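Q: What follows is a structure written as structure tokens; I'll ask about it next.
Please treat every number below as a calculation from the coordinates, not as lab data. For clarity, every value in this text was computed on a predicted model and none was experimentally measured. Positions of Cβ are generated from backbone atoms using ideal geometry, with glycine treated the same way; all protein chains shown enter the neighbour counts.
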Amino acid sequence: MTGKTVILEHPLIQHKISLLRDERTGTRDFRILVSEIAMLMGFEALRDLPTELVEVKTPITTAKVPMIAGKKLAVVPILRAGLGMVDGILNLVPTAKVGHIGLYRDEVTHEPHEYYCKLPSEIAERLVILCDPMLATGGSAVQAVDFIKEKGCNHIKFMCIIAAPEGLSLLQKKHPDIDIYCGCLDDHLNENAYIVPGLGDAGDRIFGTK
Ligand code: PRP
Ligand code: URA
């Protein structure tokens, strides 16, 4: 199965991403914006969730009406920065389970290193929403998808707020079957593998570290 790539062009998402980019946006507002953007993106990413007709008695009559059916969901943030997106997605699907994949990029080689991986039970039967605000070289996302597939899950959607062309190409090449949702596709990576224009270090801006 071939996955699709969707660049979200909704003006509300674009506006909020522009606020995120602004270096004057402080930790509190940054966190709120990341969560709001994740919810708006989740709305699009979950548009193909299967529904089934269920009988409901309204005050007027009984009717068969659609309700979400089928696969169970798991939201899996890539630590740390992906944590900022979890609440926004859980606002849409409060019953989803949450897994965690801990990866950090080596500052010199920019290669991802794993330090934690805990996924919900029956992961192979779930639809996984993997989230990370930044897709830069793509190394972290590729490795996170590798982990999830190793556990037997083959239904994965990756959500990021900003992608670089380099990271998007790598993820599409290594995992052509997954759906990818990006809030914005930026211009390029700089010599330190930061996205340009980007928003800086997402983890530091969410958690107020440096
Ligand atoms: C950032 C970001 C991604 C990764 C993207 O995390 O949140 O996980 O870099 O870069 P890549 O596409 O080149 O792999 P970082 O490693 O800085 O860790 P942090 O979230 O703990 O700050
Ligand atoms: N990670 C970030 O947080 N920002 C970038 O621009 C690249 C990787």
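Q: What order do you get for 193-201, 24-32 when each peptide is scored by the mean count of other beta carbon atoms within 10 Å, highest first?
A: 193-201, 24-32
Q: Next up: If you restrict to DSSP beta bridges whose two residues both lie in region 5-207, what percentage is antiparallel, to the nearest 5?
A: Percentage antiparallel, nearest 5: 40.
Q: Hey, another quick one. Looking at the chain, do any whole DSSP H helices span at least 20 angstrom along their long axis by alpha carbon and average 0.0 or above on Kyte-Doolittle, and which?
A: Both cut-offs are met by 27-45.
Q: Can you tell which of Ile68, Ile129, Ile13 shows the greatest fluctuation in a Gaussian network model of the chain with Cα springs below 10 Å?
A: It is Ile68.
Q: I'd like the distance separating the alpha-carbon centroids of region 191-208 and region 6-33, in whole Å.
A: 13
Q: Oh, and also: Work out the length of the dipole vector of the chain about its Cα centre, built from +1 on the beta-carbon of each Lys and Arg and -1 on the beta-carbon of each Asp and Glu, and round it to the nearest 20 debye.
A: 700
Q: Relative contact order, percent, of the chain when contacts are C-alpha pairs under 8 Å separated by at least 6 residues?
A: Reported as a whole number, the value is 24 percent.
Q: Still on this structure: So what's the back-of-envelope 222 nm ellipticity for the chain, counting only DSSP H runs of four-plus at -39500 (n - 2.57) apiece and dividing by all residues, rounded to 500?
A: Taken over the chain, the calculation gives -10000 deg cm²/dmol.
Q: Take region 5-207, compute every pairwise Cα distance, and split them into 10 Å bins from 0; I just need the percent in each bin.
A: 9, 36, 35, 14, 5, 2, 0
Q: Calculate the length of the line joining the C-alpha centroid of region 40-100 to that of region 137-169, in whole Å.
A: 21
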